[in-house]
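Read the structure below first, then the notes.
The values are calculated or read from the model by the stated rules, or taken from the named source; none is laboratory data. This is a predicted model, so every value here is computed, not measured. Quick reminder, even Gly has a Cβ in these numbers, built from the backbone with ideal geometry, and neighbours come from all protein chains shown.
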Amino acid sequence: MLCCDEFSKFLGILNSSENTYDVAGRALDEVSELLGIGKVTSHFYLPPTVTTPQGSESLTTLYDRVGTVPGEPSYEKSYRTMEGAAVNYNVWPLGRVTMWTEEELKDIDTVLDLIFMHNGRFRLISKMKQVAMTNYLTGLPNSGGLMARLRNYYDEGILLKYNGFCFNLRSFGLINRKFGQREGDSIIKRYAAFLQSIMEPGEILSHFGGDNFAALILKDRTEEFLNILGGTIIYGNMDGKRVPVRIEAVAGVLEIDSTLQNPRQILEQCTLAMQVAKNTLSKPYFFATEEMKTRAFREKRISAHFREAIRDEEFQIYYQPKVDTCTYRVVGAEALVRWFWDGRIVPPADFIPLVEREGSVTDLDLYMLEHACRDIADWCARGLDPVTVSVNFSRRDISDPLLAQKVMNIINNSGIDRKYIQIEVTETTSEDECAKLIGFLNLMNSLGIETAIDDFGSGYSSLNTLRNFAVNVIKIDRSFIANDSITIKDEIVLHNIIDMARELKIDVITEGVEHWDQLQLLKKVGCYTIQGFLFDRPMPKEEFEKRLERKIYDPAKIKDA
Ligand code: C2E
Ligand code: MG
Ligand code: MG
């Protein structure tokens, strides 16, 4: 009878891994003395089936130790698996045993039952993993399967021998329509089988699904492979006849080199390059450039570090004054974010679009609002007579129905008067966004918080903006005045926008003013508030405080600067 101690050790080892072949030997070692087991083999035989047409057969030695009685096995036990395979275990005795007792044979049966059950579970898990890593149509590794293999190659240090490819079949929708979905699938399968047949050892072909593929190809075969992707004839069946189909692919290629940081970059950069290739008419492929590599790398670093940066307050507010051009007084300021990271300032253009895409820009905008309120409270406490500060809110923020409430809470918690805060949002083009923006602006209006439309005139719906949006201010985009030669037509348009806004009781400010003559022109067309490098660039809080102390600029100095 199996003693509890050995048996629980046997079970403990068996349970320590899901892979039966890794642990069966060590587990059997715990009971071999007691039961007189010298050697155990497992013979697996699966006849051909629909899902495994080639069948499967293997003989594995699970356990073999010195002192085993040579010759034929003395005991054999057979099982049948769920998938219809036969499994035979053969057991040889240890030297000292000539024949097992009935009691011992019962225990050996129990041990074999457990190994069989363990192995059944292992095969199931392996099958599930394989299915999860494989494209069902072509049986090729899918993106998960490809990544797993790329990781292995990376760990083994052999990736540098290869170039990465992502490719998409041109006009496959047409082929599907012409041949029907089912034959379309068969054509994809034939195409995949053809590509697979030309793979060299070590090369990998992967099918992500649909008409999207990827591959890892030996460097010196790059040109050959691109030629094949450029056009390959596969046959398709139509009305019982075989017809040739030319399959052309558009490819992005990454020449893998030692700057590669991790295997995921291969797919990222190949995909980027493939997007470029799709928009290039001259050739059906594109090699990832240095610029793409650094951009992808930089974006990855930014998104990985962004949350920590908010927590660690790496973002600072810079203030850019808004100036009344009649009195040359500072009448307001815009809060602009600056990210201090690794001893360098990262400009907003490098990370705002990215965090907008990733949906985390709201955290940043509320952070900026909170810090602006904190600075204003500080100025009030020190008797510095603050000006209204405008804070930028991204379009992405507007879809949060609680945004107005969050803005209000931050202002209230800071204890400052709400007149010191203005919210800047940009014009929108989509109808859905527009409805949300109107709702948000109305709410702000009813709460008594000022709003401004940023970059006015750079969108398409400027006139509707004036009509529909309950805003206090429009900020005319610098593109209106950035031109070297502003034409009479530009002047007329500006003049009319400004007049119309005034009639609607909307204030106008122009941003991006760099030159004295631009300022003169703006005065001529009726815009008297400006923001731009002509007066000041955005500056840190401490420097801006000097502008608050001495609020008036000297026009003579500005003109001559
Ligand atoms: P914006 O809101 O239109 O801000 C004005 C931009 O024009 C600022 O660039 C400012 O430095 C720049 N500028 C001001 N005067 C001049 C000038 O005379 N000449 C020229 N060439 N440029 C001038 P900045 O700070 O790089 O910000 C760029 C954009 O990033 C902003 O455009 C805004 O859309 C976004 N941004 C900045 N801070 C935030 C923020 O806290 N939240 C959000 N959501 N977006 C922000
Ligand atoms: Mg702005
Ligand atoms: Mg702007």
Got at least one residue in the stretch 261-274 being over 21 Å from residue 194 (Cβ atoms) and touching an Asp or Glu at 6+ places or on another chain (Cβ under 8 Å)?
no
Among (1) under 21 Å from residue 334 (Cα atoms); (2) more than 16 Å from ligand 2 (Cβ to nearest atom); (3) under 38 Å from the mean Cα position of the chain (by Cα), which single condition is residue 548 missing?
(3)
Looking at (1) under 24 Å from the mean Cα position of the chain (by Cα); (2) crowded, with 21+ Cβ neighbours inside 10 Å; (3) within 29 Å of residue 384 (Cα to Cα), which one does residue 361 not meet, given that it meets all the others?
(3)
Keeping to the stretch 53-70, report how many residues are polar (S, T, N, Q), over 18 Å from residue 19 (Cα atoms) and loosely packed, with under 13 Cβ neighbours inside 10 Å.
1
Restricting attention to the stretch 85-112, which residues are touching a residue at least 12 places away in the same chain (Cβ under 8 Å) and charged (D, E, K, R)?
96, 103, 104, 107, 109
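Per-residue answers, yes or no, for (1) surrounded by 16 or more Cβ atoms within 10 Å (Cβ to Cβ); (2) in a helix (DSSP H, G or I); (3) assigned by TED's automatic domain parsing to the domain that holds residue 122:
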| site | (1), (2), (3) |
| --- | --- |
| 28 | yes, yes, yes |
| 44 | yes, no, yes |
| 72 | no, no, yes |
| 99 | no, no, yes |
| 107 | yes, yes, yes |
Please determine whether any residue of the stretch 154-163 is assigned to a helix (DSSP H, G or I) and touching a helix residue (DSSP H, G or I) at 6+ places or on another chain (Cβ under 6 Å).
yes
Going by the structure shown, is residue 400 of a type in the set (Asp, Glu), in contact with a Ser or Thr (Cβ under 7 Å, 6 or more places away or on another chain) and more than 16 Å from ligand 3 (Cβ to nearest atom)?
yes
Can you tell me which residue in the stretch 151-188 is nearest to residue 223 (Cα to Cα), limited to those that are in contact with a Lys or Arg (Cβ under 8 Å, 6 or more places away or on another chain) and crowded, with 17+ Cβ neighbours inside 10 Å?
163
Residue 149 versus (1) touching a helix residue (DSSP H, G or I) at 6+ places or on another chain (Cβ under 8 Å); (2) not assigned by TED's automatic domain parsing to the domain that holds residue 28: which is the lone unmet condition?
(1)
Tell me, which residue of the stretch 3-20 that is over 12 Å from residue 122 (Cα atoms) and surrounded by 13 or more Cβ atoms within 10 Å (Cβ to Cβ) is nearest to the chain's Cα centre (by Cα)?
13
Quick one: which of 469, 535, 544, 456 is in contact with a Pro (Cβ under 9 Å, 6 or more places away or on another chain) and farther than 22 Å from residue 373 by Cα?
535
Give just the number: which of (1) under 26 Å from residue 371 (Cβ atoms); (2) at pLDDT 95 or above; (3) crowded, with 18+ Cβ neighbours inside 10 Å does residue 417 not satisfy?
(3)
The listed residue being more than 30 Å from residue 298 (Cα to Cα), hydrophobic (A, V, I, L, M, F, W, C), touching a residue at least 60 places away in the same chain (Cβ under 8 Å) and buried (at least 19 other Cβ atoms within 10 Å of the Cβ), out of 195, 267, 229, 254:
229
On the basis of being buried (at least 19 other Cβ atoms within 10 Å of the Cβ) and either closer than 19 Å to residue 271 by Cβ or free of Cβ contacts under 8 Å to residues at least 60 places away in the same chain (or both), does residue 214 make the cut?
yes
Inspect all residues belonging to the stretch 442-453 and state whether any of them is within 13 Å of ligand 1 (Cβ to nearest atom) and at pLDDT 90 or above.
yes
Only residues in the stretch 69-84 that are within 14 Å of residue 37 (Cα to Cα) count as the first member; pair them with residues that are of a type outside the set (S, T, N, Q) and assigned to a loop (DSSP other than H, G, I, E, B), Cβ under 9 angstrom, at least 6 apart or cross-chain, and list the lot.
69/95; 69/97; 74/97; 74/99; 74/100; 75/100
